[in-house]
Amino acid sequence: MRYRGKGICVLLALLLTVGLAGCGEQTESARTIAVVTDGGSLQDGGYNQAVYEGVRDWCEEAGYEVACYEPEGSAAEDLYDSMEQAYEDGVRVIVVAGSSFEQPVYEIQSQRSSLQILLLDGEPHDIDYNYETAENVHCVLFQEEQAGFLAGYAAVAEGYRSLGFVGGVKLTGVIQYLYGFLQGADQAAYELRLEKGDVTVRYTYSDTFDASDSVAGTCEAWYGKGVRAIFSACGDGVENVLSAAASGNGLVILSDFSRQDDRVFTSAVKRFDTAIALSLDSLEKNDWEWSTAAAGQTATVGLAEGCVGLDAAEDTWPFTGLGYGDYTLLVQDIVDGYIAISDSISQEPTLQVVSASEN
């Protein structure tokens, strides 16, 4: 099906000359990689900004141009039309991110087989959630459970015993953040020889990634009952969490991306720049077609690839209960398999010390 209703603003000039050979292979004269946003701004502090900056930095180093397309809206039709416009403009490599692109990529992948697509944080499916990834698409997912684990471990190591978690839509990545958070908090509590129930985690899902009064009310109530830090994995609802933290003298743990705020305890981040560089390096080396190992496949990346972690460096290390050296050892133990983190979302992880409750 061809989506209708185009309306695209090209923010950066396309500086390319494209030649198509035979069945549509990209020639070496194509020097532009396009980023298509989800309808939001390049300065949104989220997916769009992270993806654009990751592609821009890679292109600057490798000698390519980057173009950005902002759809007129955020509907699947709008995202499809922006990708189609990029193709008509001669672009043969597109980078997109997020679950909102899963259906548009599913639609365009078979219709534009010469278009190489990198889809971050999602996998193509139709409207009925039948998943299929064509050979001109490569997907990258992140091990949110590892990032969540580190955040939970750090919070307990710093002395916080009453914690919260607010998720948005109950998607796999959101659940993995929560279950990783619980496992990390439990690991730290066990190592500190705390008793069962000494650490509590309240959690809830708002069923939306938009700001909402329900998120604000929940967080205000939790901070009022003594919760010290709330892990936010609810998209734009983080604004509600930060506001509640300010009025309730609490702290916030961010997911996916970092930002400067006095109420931010730490950020469990996905390093999109690293994931993009790894993927585009592979694509370039294979003459701008996905290799057999990548074509139609999904790569799951985490600590081993340097694609998730806490947003803190040694020279700006903010914690006292968890030293930077201890943190690096913890990361290495996870990578080496000495600490096992379950990525299952079928049931809540078994906890030795932490008491978790949904409310």
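Look at I108 and say whether it is over 16 Å from W290 (Cα atoms) and buried (at least 20 other Cβ atoms within 10 Å of the Cβ). Outline the logic, then answer.
On the way: over 16 Å from W290 (Cα atoms): yes; buried (at least 20 other Cβ atoms within 10 Å of the Cβ): yes.
It is true that I108 is over 16 Å from W290 (Cα atoms) and buried (at least 20 other Cβ atoms within 10 Å of the Cβ).
Residue-wise test of (1) touching a strand residue (DSSP E or B) at 6+ places or on another chain (Cβ under 8 Å); (2) at pLDDT below 95; (3) on the phi < 0 side of the Ramachandran plot.
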position	(1), (2), (3)
A245	yes, no, yes
T292	no, no, yes
G337	no, no, no
Q347	no, yes, yes
A356	yes, no, yes
Subset of the range 299-342 [touching a residue at least 24 places away in the same chain (Cβ under 8 Å), over 30 Å from D261 (Cα atoms) and assigned to a loop (DSSP other than H, G, I, E, B)]: I339, S342
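Here are S99, S82, S41, S74: which of them is at pLDDT 95 or above, closer than 26 Å to D210 by Cα and out of contact with any helix residue (DSSP H, G or I) (no Cβ under 6 Å at 6 or more places or on another chain)? If you could, list the steps in order and put the result at the bottom.
Working: S99 fails: at pLDDT 95 or above; S41 fails: at pLDDT 95 or above; S74 fails: at pLDDT 95 or above.
S82 is the lone residue from the list that is at pLDDT 95 or above, closer than 26 Å to D210 by Cα and out of contact with any helix residue (DSSP H, G or I) (no Cβ under 6 Å at 6 or more places or on another chain).
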Within the range 256-307, track down each residue that is open to solvent by 20 Å² or more (accessible area, probe 1.4 Å), under 19 Å from N48 (Cβ atoms) and under 16 Å from the mean Cα position of the chain (by Cα). D256, F257, S258, R259, R271, D273, T274, A277
Go through the range 111-146 and count every residue that is part of a loop (DSSP other than H, G, I, E, B), open to solvent by less than 10 Å² (accessible area, probe 1.4 Å) and closer than 15 Å to S99 by Cα. 2
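Identify, please: which residue in the range 74-105 is open to solvent by 20 Å² or more (accessible area, probe 1.4 Å) and not in a helix (DSSP H, G or I) and is, among those, farthest from F272 (Cα to Cα)? Please lay out each step first, then the result.
Going through the range 74-105, the residues open to solvent by 20 Å² or more (accessible area, probe 1.4 Å) turn out to be 74-78, 85, 87-89, 99-100, 102-103.
This time we only want the ones that are not in a helix (DSSP H, G or I), so: 74-75, 89.
Working: S74: 21, A75: 23, D89: 26 Å.
Here the residue is D89.
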Of a type in the set (D, E, K, R) and farther than 16 Å from D186 by Cβ, is that true of E132? yes
The lone condition F149 fails out of (1) out of contact with any strand residue (DSSP E or B) (no Cβ under 6 Å at 6 or more places or on another chain); (2) open to solvent by 30 Å² or more (accessible area, probe 1.4 Å); (3) at pLDDT 95 or above; (4) aromatic (F, W, Y) is (2)
Among the residues that make up the range 327-338, is at least one of them among the aromatic types (F, W, Y) and open to solvent by less than 90 Å² (accessible area, probe 1.4 Å)? yes
Of the conditions (1) open to solvent by 10 Å² or more (accessible area, probe 1.4 Å); (2) of a type outside the set (D, E, K, R); (3) more than 18 Å from the chain's Cα centre (by Cα); (4) modelled with pLDDT of 95 or more, A34 satisfies every one except a single condition; which number is it? (1)
Is there any pair with a first residue in the range 247-268 that is closer than 16 Å to A155 by Cβ and a second that is of a type in the set (K, R) and assigned to a strand (DSSP E or B) whose Cβ atoms are under 9 Å apart and which are 6 or more apart or on different chains, and what are they? S255/K270
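Looking at G180, G164, can you tell me which residue is touching a Gly at 6+ places or on another chain (Cβ under 7 Å), within 30 Å of D333 (Cα to Cα) and buried (at least 18 other Cβ atoms within 10 Å of the Cβ)?
Numbers: G164 fails: touching a Gly at 6+ places or on another chain (Cβ under 7 Å).
Step by step, each of G180, G164 is checked, and only G180 is touching a Gly at 6+ places or on another chain (Cβ under 7 Å), within 30 Å of D333 (Cα to Cα) and buried (at least 18 other Cβ atoms within 10 Å of the Cβ).
The values are calculated or read from the model by the stated rules, or taken from the named source; none is laboratory data. Computed from a prediction, not measured in an experiment: that's the story for all the values here. Every residue, glycine among them, receives a Cβ derived from its backbone with ideal geometry; neighbour counts consider all protein chains shown. Please note that ligands, DNA and RNA were not included when accessible areas were found on the heavy atoms of the full protein model with its side chains. Shrake-Rupley method; radii C 1.70, N 1.55, O 1.52, S 1.80 Å.
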